[in-house]
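Participant: Submitted below is the structure of interest, expressed as structure tokens.
Bear in mind these aren't lab numbers, they're just calculated from the coordinates by the rules spelled out. Just so it is clear, the model here is predicted, and its values are computed rather than measured. With ideal geometry, Cβ positions are generated from the backbone for all residues, glycine too; neighbour counts draw on all protein chains shown.
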Amino acid sequence: MKKLIILFLLLILASGCMNSESTEYKFWAHKTDNQITRLNDANIDYKIIEGNGGIDEIWVSEQDFDNVTACCT
């Protein structure tokens, strides 16, 4: 019984140590000052990535994608 409890506790500890920074991002729009202001006001997680032709693109986390569509489109 003690071994089972120890195993269970180790599994819980190991799951707490997993890297949670595996956030996926999806393309949302080309960068404009207006879009950046809206994203910041809504506390949306995003990245700016240089796209083809040197045009900056806004990439939004998958968790926030529904929120960004509702607030900032």
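Participant: Less than 11 Å Cβ to Cβ from Ile49, Lys/Arg counted +1 and Asp/Glu -1: what total charge do the surrounding residues give?
Facilitator: Residues close to Ile49 contribute a combined charge of -1.
Participant: Could you check which residue among Ile58, Ile48, Ile12 shows the biggest mean-square fluctuation in a GNM of the chain with a 10 Å Cα cutoff?
Facilitator: Ile12
Participant: Still on this model: Once label points are set 7 Å from the Cα along Cα→Cβ at both Leu4 and Glu57, what is their separation, rounded to one decimal in nm?
Facilitator: With each label placed 7 Å out from Cα toward Cβ, I get 5.2 nm.
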